[in-house]
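> Okay, handing you the structure first.
The values are calculated or read from the model by the stated rules, or taken from the named source; none is laboratory data. Please read these numbers as outputs of a predicted model, since none were measured by experiment. Positions of Cβ are backbone-derived with ideal geometry, glycine not excepted, and every protein chain shown enters the neighbour counts. To get the accessible areas, we keep the full protein, side chains included, count just its heavy atoms, and leave off ligands, DNA and RNA. Shrake-Rupley method; radii C 1.70, N 1.55, O 1.52, S 1.80 Å.
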4 protein chains.
Amino acid sequence: MKPVEIRIIITGGTFDKEYDPLKGELSFRDSHLPGILKTVRCTLETSLEINELTDSLDMTDVHREGIAKSCLASPQKRIVITHGTDTMTLTAEYLQKRFQEEGVSRTVVFTGAMVPYSVNGSDALFNLGAAVSAAQLLDEGIYICMNGRVFQAGKVMKDRGKGIFTDAETDG
Amino acid sequence: MKPVEIRIIITGGTFDKEYDPLKGELSFRDSHLPGILKTVRCTLETSLEINELTDSLDMTDVHREGIAKSCLASPQKRIVITHGTDTMTLTAEYLQKRFQEEGVSRTVVFTGAMVPYSVNGSDALFNLGAAVSAAQLLDEGIYICMNGRVFQAGKVMKDRGKGIFTDAETDG
Amino acid sequence: MKPVEIRIIITGGTFDKEYDPLKGELSFRDSHLPGILKTVRCTLETSLEINELTDSLDMTDVHREGIAKSCLASPQKRIVITHGTDTMTLTAEYLQKRFQEEGVSRTVVFTGAMVPYSVNGSDALFNLGAAVSAAQLLDEGIYICMNGRVFQAGKVMKDRGKGIFTDAETDG
Amino acid sequence: MKPVEIRIIITGGTFDKEYDPLKGELSFRDSHLPGILKTVRCTLETSLEINELTDSLDMTDVHREGIAKSCLASPQKRIVITHGTDTMTLTAEYLQKRFQEEGVSRTVVFTGAMVPYSVNGSDALFNLGAAVSAAQLLDEGIYICMNGRVFQAGKVMKDRGKGIFTDAETDG
């Protein structure tokens with residue numbers, strides 16, 4: 001299987017949150033992605049871009065347009081986006097709409113974490129691994145890779161009560 | 001994307017090694033897989049089977065035949081196998097030969113770890129996530145998922161000096 | 001050295017905070033102390049008491065009186081108290097005053113953590129070990145064990161800008 | 001309590017062992033102590049000395065004499081020694097004898113770990129915290145700080161079956 005270079009666009013979210021001992025709360029300092037890729041011995045060519053470090057609850061369409069622009073400008077056509085879980089489905093749908101408008105297609109895989117990488121019992125590494133594989137293997141389209149599953153944008157929702165992603169309920 | 005149930009066949013390897021405080025060395029006690037799948041909030045249906053807990057340097061074709069038998073008997077046609085890295089390519093090739101003989105086909109994805117799950121700086125979770133995605137998305141065949149890459153059996157080798165998997169050198 | 005049984009009174013603080021994946025914030029679920037003492041192979045007889053699980057910024061003299069009562073009622077005369085760092089010095093001084101009023105004496109050692117036990121890079125285990133030793137070796141009095149140092153109540157302050165405990169500045 | 005500067009003499013042992021992914025076994029690379037003291041926010045003045053990085057099963061009286069020499073040459077009279085648990089009691093007794101011969105006295109506290117610092121579930125930080133407190137508070141003498149307890153050299157043994165230190169059995 002010929003390895004393809006993938007782009008990883010970092011937008012923040014729980015994945016990259018870190019404990020601030022002085023403030024006693026979780027916040028962003030820097031992305032863990034560069035260190036993680038080294039730790040897990042990733043030899044796939046990856047091009048990292050810190051788009052922003054934002055809590056996804058604070059994300060607006062202005063941010064989403066910035067992410068879309070990054071995807072459109074990316075020389076790599078296969079892209080992983082780390083994103084907060086709360087509005088991950090919204091950004092995925094936003095990209096889908098924008099890509100249609102622009103008449104372009106990419107393979108974009110969103111992933112994130114329910115527990116920060118820096119906290120015991122994190123799902124960050126598992127989710128990232130799942131997304132990196134998926135970005136290499138999936139056809140063009142916008143996807144969400146969480147909970148060991150692969151969802152298509154527009155057909156997935158976050159069950160906030162359970163903290164998991166599930167198939168979106170569809171109208172009869 | 002309709003989720004498919006996958007089987008995870010556990011064979012040991014560095015992935016599942018644990019420090020034994022009394023002996024002062026790494027050995028097998030039990031598999032971490034059941035706990036890991038819970039920790040990472042995997043909601044994909046998985047059927048776990050502990051085939052054995054062996055260091056892959058100790059693996060012979062007798063063990064490999066046992067793994068082949070497990071794959072052939074598996075009701076799930078998509079299978080992840082956790083395996084020691086040292087002879088992972090050999091077992092992958094063994095399965096390929098045996099599946100051809102039996103005239104069956106499966107999607108089998110091998111993965112493992114260079115650093116045990118129970119040790120700081122482990123690649124186990126990342127590799128497992130990568131393999132779980134790959135097992136859902138790949139066509140029938142035997143694959144190795146390590147270092148963020150997806151290799152086909154027979155076309156991959158372990159570079160022991162660097163501790164990574166690379167494309168197998170092919171004869172001119 | 002004849003081992004003495006010590007009491008560990010748990011009051012919460014950063015030490016025991018845990019990430020809540022559904023709320024996306026740190027909160028209390030349970031104390032990690034019972035698990036910790038097993039993990040670190042503590043064979044010193046310890047009697048654990050969960051007095052409360054509170055952020056020390058929320059602590060009032062009502063809480064402090066409850067802690068004082070626990071100390072006074074304790075059959076063990078050597079006591080470790082896990083406590084949030086922000087008002088640890090206040091509770092220490094409160095106990096000192098109350099013990100004088102009651103005419104009793106105990107060896108009480110406060111400790112806590114700047115980074116929760118459940119977060120990477122925590123100081124919780126180191127501080128707890130320091131406090132457990134100190135509680136066995138110190139004469140009667142109220143102490144704070146943080147940053148590898150042993151301070152006496154009333155002679156210590158928290159430098160919030162640096163996140164460390166230092167000798168209290170004294171008037172010329 | 002006036003803080004005293006302590007010396008930490010590193011001799012290796014399980015405490016500092018690290019997983020070597022290429023060899024698939026635990027070995028020594030470097031000491032974790034400098035990093036640990038920073039992580040746990042130790043502000044006590046400490047002077048670190050790497051005496052050696054040895055498995056304590058390989059330690060002979062030649063090594064022990066080297067450790068004794070380091071203690072005798074130390075400008076700090078309060079010393080923590082990290083040491084493998086298997087022969088920790090022997091080195092403690094060796095120092096006791098040598099200090100008597102030299103007519104000098106120091107406060108020396110041995111500690112170590114049953115599980116390496118770099119492995120999940122390690123007792124290293126707890127034991128180090130306990131030893132750092134003990135070294136500040138104990139009178140002159142040679143001690144072992146393990147399992148939350150403080151033992152005097154010559155009156156302690158390691159129960160290898162249980163992996164804990166206990167009071168030495170004494171003749172009736």
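> Per residue of region D:96-109, in order, report the coupling 6.51 cos²θ - 1.76 cosθ + 1.60 (Karplus, θ = phi - 60°) as ³J(HN,Hα) in whole Hz, putting x for Gly and Pro.
Listing the rounded values in order: 4, 5, 5, 5, 4, 4, 7, x, 10, 9, 9, 9, 10, 10 Hz.
> Then there's this: List the residues, sorted by chain then number, that are 5 or more residues from B:Asp20 or on another chain and whose placed amide H is less than 5 Å from its amide H.
B:Glu25, B:Leu26, B:Ser27
> Taking the DSSP beta bridges in the protein assembly as shown as the whole, what percent of them are antiparallel, to the nearest 5?
Bridges in the protein assembly as shown are about 40 percent antiparallel.
> Specify the inter-centroid distance of region D:22-76 and region B:98-172, based on alpha-carbon positions, in whole Å.
Their Cα centres are 39 Å away from one another.
> Continuing with the same structure: Nm distances between the label at D:Lys69 and the same-position labels in the remaining copies, 7 Å along Cα→Cβ, shortest first?
6.1, 6.2, 6.6
> Any idea how far apart C:Ala73 and D:Phe28 come out in nm if each label point goes 7 Å out from Cα toward Cβ?
5.1 nm
> Let me know the mean shielding of D:108-114 by other chains, meaning the per-residue number of their Cβ atoms within 10 Å of its Cβ.
Mean shielding count: 2.
> Could you derive backbone 3J(HN,Hα) for region A:55-69 from the dihedral phi with the Karplus parameters 6.51, -1.76 and 1.60 (θ = phi - 60°), listing whole Hz in sequence and x where the residue is Gly or Pro?
Each residue of region A:55-69 in turn: 5, 5, 5, 8, 7, 10, 5, 4, 4, 5, 5, x, 5, 4, 4 Hz.
> Nearest-to-axis residue of chain A, judged by Cβ, for the A-to-D rotation, with distance in whole Å?
With distances in whole Å, chain A gives A:Asn120, 5.
> Summing both sides, how much accessible area is buried between C and A? Use a 1.4 Å probe and give Å² to the nearest 100.
The C and A chains share an interface burying roughly 1300 Å².
> Please grab the % of Cα pairs in region C:83-172 that end up more than 20 Å from each other.
In whole percent, the long-distance tail amounts to 34.
> Going by amide H atoms built from the backbone, whose H comes under 5 Å of the H on A:Met146, apart from near neighbours?
A:Phe151
> Here's another thing I want to ask about it. Given a 1.4 Å probe and every protein chain left where it sits, what share in percent of the accessible area of the protein assembly as shown is carbon and sulfur?
For the protein assembly as shown, the apolar C and S fraction of the accessible surface comes to 46 percent.
> Let me ask something else. From the backbone phi of region A:15-20, what are the Karplus-calculated ³J(HN,Hα) couplings (6.51 cos²θ - 1.76 cosθ + 1.60, θ = phi - 60°) in whole Hz, Gly and Pro given as x?
Values, residue by residue: 2, 9, 6, 9, 6, 9 Hz.
> What FRET efficiency comes out for C:Asp61 versus C:Lys155 if R0 is 35 angstrom and r is the Cβ-Cβ distance? Round to the nearest 0.05.
Details: r = 21 Å, r/R0 = 0.60.
Rounded to the nearest 0.05, the efficiency is 0.95.
> Pairs to check: A:Lys155/B:Lys38; B:Lys38/D:Lys17; A:Lys77/A:Lys158; A:Lys23/C:Lys23; B:Lys2/B:Lys69; D:Lys2/D:Lys77. Give those whose C-alpha atoms are more than 22 Å from each other in this structure.
The answer is A:Lys155/B:Lys38; B:Lys38/D:Lys17; A:Lys77/A:Lys158; B:Lys2/B:Lys69.
> Now for a different question. Given the DSSP H assignment, sum -39500 (n - 2.57) over each helix run of at least 4 residues in chain A and divide by its residue total; what's the result at 222 nm in deg cm²/dmol, nearest 500?
Mean residue ellipticity at 222 nm (helix-derived): -9000 deg cm²/dmol.
> What is the Cα coordinate range of region C:5-167 on the first, second and third principal axes, sorted by size from largest, in whole angstrom?
47, 36, 28
> Next question. How about region D:13-104: which GluC sites (Glu not before Pro) there are in a DSSP loop, with at most 14 other Cβ atoms within 10 Å of their Cβ? Please list the in-between numbers first.
Values: sites: D:Glu18, D:Glu25, D:Glu45, D:Glu49, D:Glu52, D:Glu65, D:Glu93, D:Glu101, D:Glu102; in loops: D:Glu45.
Here the sparse-neighbourhood loop sites are D:Glu45.
> To one decimal in nm, how far is B:Gln152 from the same spot in the other copies, if labels go 7 Å from Cα toward Cβ? Please give the shortest first.
Ordered by distance, the counterparts are at 2.7, 7.4, 7.8 nm.
> Over region B:1-121, with the other protein chains present, what is the accessible area per residue in square angstrom, probe 1.4 angstrom?
On the way: 4920 Å² over 121 residues.
That works out to 41 Å² per residue.
> To one decimal in nm, how far is D:Glu52 from the same spot in the other copies, if labels go 7 Å from Cα toward Cβ? Please give the shortest first.
Result, one decimal in nm: 4.0, 5.4, 5.8.
> Further question: Placing +1 at every Lys and Arg Cβ and -1 at every Asp and Glu Cβ, with all other atoms neutral, what dipole size does region A:5-167 have around its Cα centre, in debye to the nearest 20?
340 debye
> Still on this structure, I have one more. How many nm is it between the label spots at D:Ala168 and A:Val4, if each spot is 7 Å from the Cα in line with the beta carbon?
Spacing of the two 7 Å Cα→Cβ label points: 6.9 nm.
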